[in-house]
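Novice: First the structure, which I've put down as structure tokens, then a few questions once you've had a look.
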Amino acid sequence: MYSIKIRLVSSLLLVLALTTLCAGIGTYFSVQYEVDKLLDDSLKQVALSLRTYRFQDILRFNRNLISNNQNVVIQIFDPISGLRFLSRDMEYLPVPDRVGFSDILLDGKPWRVYTTQNPQGQIIEATQPTSIRSEMAMQAAKPIMIPLLILLPIVGFLISVIVTQGFSSLSRTAEAIARRSPTSLTPLSLKGLPIEIAPMVTALNELLARLGESISAQKRFASDAAHELRTPLTAIQLQIQLAERAKTDEMRQKAMERLKEGVKRATRLVTQLLTMARLDPDNSNKPMLPVDLNQLNKSIAEDLSLIAMENKHIDLKAVDVAPAVVMGNEDALRLVVTNLCDNAIRYTPENGHIELSAWIEGDNAVLQVADDGPGISESEKERIFERFYRAEGTQTIPGTGIGLAIVRRVAELHGGRPSVHTGLNGKGAAFRITIPTSPKIPEPIVEADTE
């Protein structure tokens, strides 16, 4: 782990130090350039001012009269006589081969020289040590560089204070989260938060909302399971008591058969409840892959057609209407079709028909399970997909009332919706699942209270 605050302050201080260093170096070189330019002009003026004097007159001059600045050295060389005049006691200067500015080395130290020639042919040189120029540049740059160095720690301290103040809102948010009760899922307030932190708090509020939905789903599942399992378990207990009190083998056999049926109903209910619980919280996070709905229907028809025929002589088949491929969760879609087929087999009378089909309508794929059974009244089509709701007149047929709720949930997880239409040959029911061919993120689902 690392501290964003320390990293940010360190980075800003480093940038500030580098900026100050670059500013200081730039200032020094800028001053150095101006000093060089000024002193070059001075050398040139000194050399040019001596062009009007004759060499014989210059030899009689006092050296101090030639240059008031002891750092400037004058040399006049007469190439005819070979005589030299030097304004300082030092070794003679080399004679450049051209007029103008040049750089030379004397005793291993650099000097700046301006060379000119008077009308008599004598060569006049005005020279100055380069170190003098550097010292003058440094003296000129100090008044600018010293305030920069003084301001560096002051600005660094202000940066630290400002960054600390900026992170205070994050610290307050962290403290607000730490003080919250573990059971509190209310959203955090966005009031007074900077725009940089607001997205994080918004994402956290969305997480709390999803967590609240998940906890609500778990509570709802526990409540539903307790409510729905009470009746079949009570019935099983009664059947056990009847079997224990049976006086004849026939009564005992009959009680055992009822007991087996009760166990089957309870097993079916538990299976459906567990399926619903798996679908509720995070099934939408599973990857969506291409699913051929016609192939899915054919596979399910092969599994269930024999059962439908043996139990009630029902003709169950898959009809290939048109190619239909969607991005979806194949296991969840198989569960949907299987549940619809199971319902159709239980409610369709002897010698009935069930057809599985799929096709594309615009941007949606349609998955349909149709039968020629008793059908569903218009008044109940809206409630048929609620948990534990069972249509009137179906109480005598074994069922849990969860199968169609699972169908609705899977459809919504795929961004689609279920609907009920007229079945085969103008009778029965046709359950359709409309699914977008391109996957969509489902909206949060609010379950209806069916109790």
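The values are calculated or read from the model by the stated rules, or taken from the named source; none is laboratory data. Not measured: the values here are computed from a predicted model. Cβ sites come from the backbone with ideal geometry, for glycine too, and all protein chains shown count toward neighbours. To get the accessible areas, we keep the full protein, side chains included, count just its heavy atoms, and leave off ligands, DNA and RNA. Shrake-Rupley method; radii C 1.70, N 1.55, O 1.52, S 1.80 Å.
Novice: Tell me, which residue of the stretch 280-313 that is over 46 Å from the mean Cα position of the chain (by Cα) and open to solvent by 50 Å² or more (accessible area, probe 1.4 Å) is modelled with the highest pLDDT?
Specialist: This residue is His313.
Novice: Here is a list of conditions, (1) in contact with a helix residue (DSSP H, G or I) (Cβ under 7 Å, 6 or more places away or on another chain); (2) open to solvent by 40 Å² or more (accessible area, probe 1.4 Å); (3) without any contact (Cβ under 8 Å) to a residue 40 or more places away in the chain; (4) not basic (Lys, Arg), and Ile144 meets all of them except one; can you say which number that is?
Specialist: Just one mismatch for Ile144, condition (3).
Novice: How many residues, within the stretch 21-46, are of a type in the set (A, V, I, L, M) and open to solvent by less than 60 Å² (accessible area, probe 1.4 Å)? Lay out the reasoning, then the answer.
Specialist: Of all residues in the stretch 21-46, those of a type in the set (A, V, I, L, M) come to 21, 23, 25, 31, 35, 38-39, 43, 46.
Remaining after also requiring open to solvent by less than 60 Å² (accessible area, probe 1.4 Å): 23, 31, 35, 39, 43, 46.
Selection size over the stretch 21-46: 6.
Novice: Still on this structure: Check the stretch 94-102 and report whether any residue there is more than 60 Å from the chain's Cα centre (by Cα), without any contact (Cβ under 8 Å) to a residue 12 or more places away in the chain and open to solvent by 40 Å² or more (accessible area, probe 1.4 Å). Give the derivation first.
Specialist: Filtering the stretch 94-102 for residues more than 60 Å from the chain's Cα centre (by Cα) gives 94-102.
Of the ones still in play, those that are also without any contact (Cβ under 8 Å) to a residue 12 or more places away in the chain are 94, 97.
Retained after the next criterion (residues that are open to solvent by 40 Å² or more (accessible area, probe 1.4 Å)): 94, 97.
Yes, there is a match, as at least one residue in the stretch 94-102 is more than 60 Å from the chain's Cα centre (by Cα), without any contact (Cβ under 8 Å) to a residue 12 or more places away in the chain and open to solvent by 40 Å² or more (accessible area, probe 1.4 Å).
Novice: When only residues in the stretch 195-236 that are at pLDDT 80 or above and among the polar types (S, T, N, Q) count, which is nearest to Lys260 (Cα to Cα)?
Specialist: Ranking the qualifying residues of the stretch 195-236, first place goes to Asn205.
Every residue, every condition in (1) free of Cβ contacts under 8 Å to residues at least 24 places away in the same chain; (2) under 26 Å from the mean Cα position of the chain (by Cα); (3) outside any loop (DSSP other than H, G, I, E, B), yes or no:
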| residue | (1), (2), (3) |
| --- | --- |
| Thr116 | no, no, yes |
| Gly121 | no, no, no |
| Ile132 | no, no, yes |
| Phe157 | yes, no, yes |
| Ala174 | yes, yes, yes |
| Pro194 | no, yes, no |
| Val201 | no, yes, yes |
| Leu208 | yes, yes, yes |
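Novice: I'd like the residue in the stretch 103-129 that is hydroxyl-bearing (Ser, Thr, Tyr) and within 17 Å of Thr52 (Cα to Cα) and, out of all such residues, is surrounded by the fewest Cβ atoms within 10 Å (Cβ to Cβ).
Specialist: Residues of the stretch 103-129 that are hydroxyl-bearing (Ser, Thr, Tyr), as a first pass: 114-116, 127.
Among the residues that remain, those that are also within 17 Å of Thr52 (Cα to Cα) are: 114-116.
Working: Tyr114: 24, Thr115: 23, Thr116: 16.
Among them, the one singled out is Thr116.
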